[in-house]
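In what follows, a single structure is set out as structure tokens and then discussed.
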Amino acid sequence: VLSILARGIAYTKLGCWSQALWDFREADSMAQEKCKEALYFCAQAHEARNDPKKSLEIINDLLETEPRGNKIVIGNDIGDTSGGGSGKKKNTTTYDDVFYSHVLTLKAVCLADLGRYVHALEAYDLAIERDSANTTALWSRTRLFLDPEVTLSDDVDHVGDELTRKRAALKDLTKLVSIDPGKVEYLEDAVDMFVDLAQYQEGLSVVQVL
């Protein structure tokens, strides 16, 4: 199964989506239709082939059958400023959190493909809630915020005025820079946004930290 999946992934790198889709379906069949990773890659292939509706069908099935319990836990020590103890606390992320965050990100992409931008934004929000280090979701959410052709005013948390959207995008960009300071696109967009919002001191502080 892993070999078939690996070959399918290699096909995706070459843009051979039909061959990749065949491998992902075959891998799922070999796993008795219990390979959620294969289904995710199938959905990804359908979206790449400009069939977001089919992709959404698979994604919604994946989300409906999300398992509970028996999760692989990924632990990260982070600083704790609350005082006492060793000054560290455990921030845990599960494998399922990361996986379903990517599933939700793909759902957001499909919804945006269909022009359903408010629902796409909701899916990005959920993806980032599951995994706050999901750079794909964070970056894609900034693209929605900054696209003047996209209407997001149906969501009370994301009012459609330009200033509010730019501030929301800057918050995501600052997070992206903190996660991956070596990514030029993140830093350039963050600096541009600090300048655009006349937050020069804050922007300088970010650059100096790097």
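A short reminder: the numbers here are calculations on the coordinates, not readings from a lab. Model, not experiment: these values are computed from the prediction. Ideal geometry is used to build each Cβ from the backbone, glycine not excepted, and the neighbour counts take in all protein chains shown.
Around the amide H of T94, modelled in the peptide plane, lie the amide H atoms of I74, all under 5 Å away and 5 or more residues distant in sequence or on another chain. Taking a point 7 Å from the Cα of K54 along the Cα-to-Cβ direction, the residues of the stretch 1-41 with backbone N closer than 13 Å to it are 17-25.
FRET efficiency for A198 and R143, Cβ-Cβ distance as r, R0 = 22 Å, nearest 0.05?
Given R0 = 22 Å and the Cβ-Cβ separation, E is 0.45.
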